[in-house]
Each structure stands twice: as C-alpha cells, then as structure tokens.
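Below is one structure, written out as structure tokens; comments come after it.
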Amino acid sequence: MPVYDYRCNSCGQRSALFYKNYSDYDRARDEGLCCPNCGSTEMTRLISRVTLSKPGRDYASMSSDEMLSVLEGGDSREVGEMMQQVGQDEVMGDPVTREVTERLIKGDKPEKIEKDIGPDLT
Ligand SMILES: [Zn+2]
C-alpha cells in the first residue's frame, strides 16, 4: 500500500496520505491533493520514512559482491537472514547449515556456533 508524506506549502502541516493502490494514488494526484488542515492544494511530497523503512533486505537479488560485504560486515543477524533467504532448499535442507543459520538469526556469535558444532561446520 503506497503511503506518501506531504507538507503543505501554505500552513506547513505535514500529512501522510494512504492509498489502496497506485491507481488510487494517480487519481488523487490528478484531482489535486489538498491539505486536510487548510485546504490548500500546494502540497509538496516528502520522501516518506514509511516507504524507506525496509521490511528486510532482499538478499536474493543481491550481487555476490554485496553478499560478501554483508558477510564481512560481521552482523551475524544479517548474515543469518541472508543465508535463510538466499540458501533456499538445497542449503537449508542441510541440518548443520540450518542450525547455524537459525543461531545466527538468534544473535549467537559465529565463533561460538563454530565451537559448538565443531569440525562438521567446515
Ligand atoms: Zn495547509
């Protein structure tokens, strides 16, 4: 659902407008947006924090370089999520990999997991 933030040029009121879908948005834009506070149609669209807040990164569409930078970033939760998303069935079918991934997501340190699981990891 598209959400857009606007600021009224006349009264400075900020409002977030919700649309059921993009054609609704197009229609509203064609008809002219108007400020709920003063009725002015001089509205400036702001970059919405709502649309920027990510529900999770789309690791599957990352390049291998980007994945590498996530791995090197050392954020174990991020690494775990990435493995889960990218790993799909082949990798996640492996019980060791699955355990490692789940523990990374829970926030366990990779070194600790490696110690617990032992040489099987590699
Ligand atoms: Zn206004």
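Throughout, read-outs are computed from the coordinates displayed, never taken from laboratory work. Quick caveat, the model's predicted, so the values are computed rather than measured.
With 0.36 nm allotted per residue and the present C-alpha distance subtracted, the Glu99-Arg45 stretch has 14.9 nm of extension available. The aspartates and glutamates within cross-link reach of Lys115, meaning a Cα-to-Cα straight distance under 14 Å and a gap of 8 or more places when in the same chain, are Glu99. Does the range 3-52 come out rounded, prolate or oblate by the C-alpha gyration tensor, with a ≥ b ≥ c the root eigenvalues, rounded set by a/c under 1.5 and, if not, prolate when a/b is larger than b/c and oblate if not? Oblate, because a/c is 1.5 or more while a/b does not exceed b/c.
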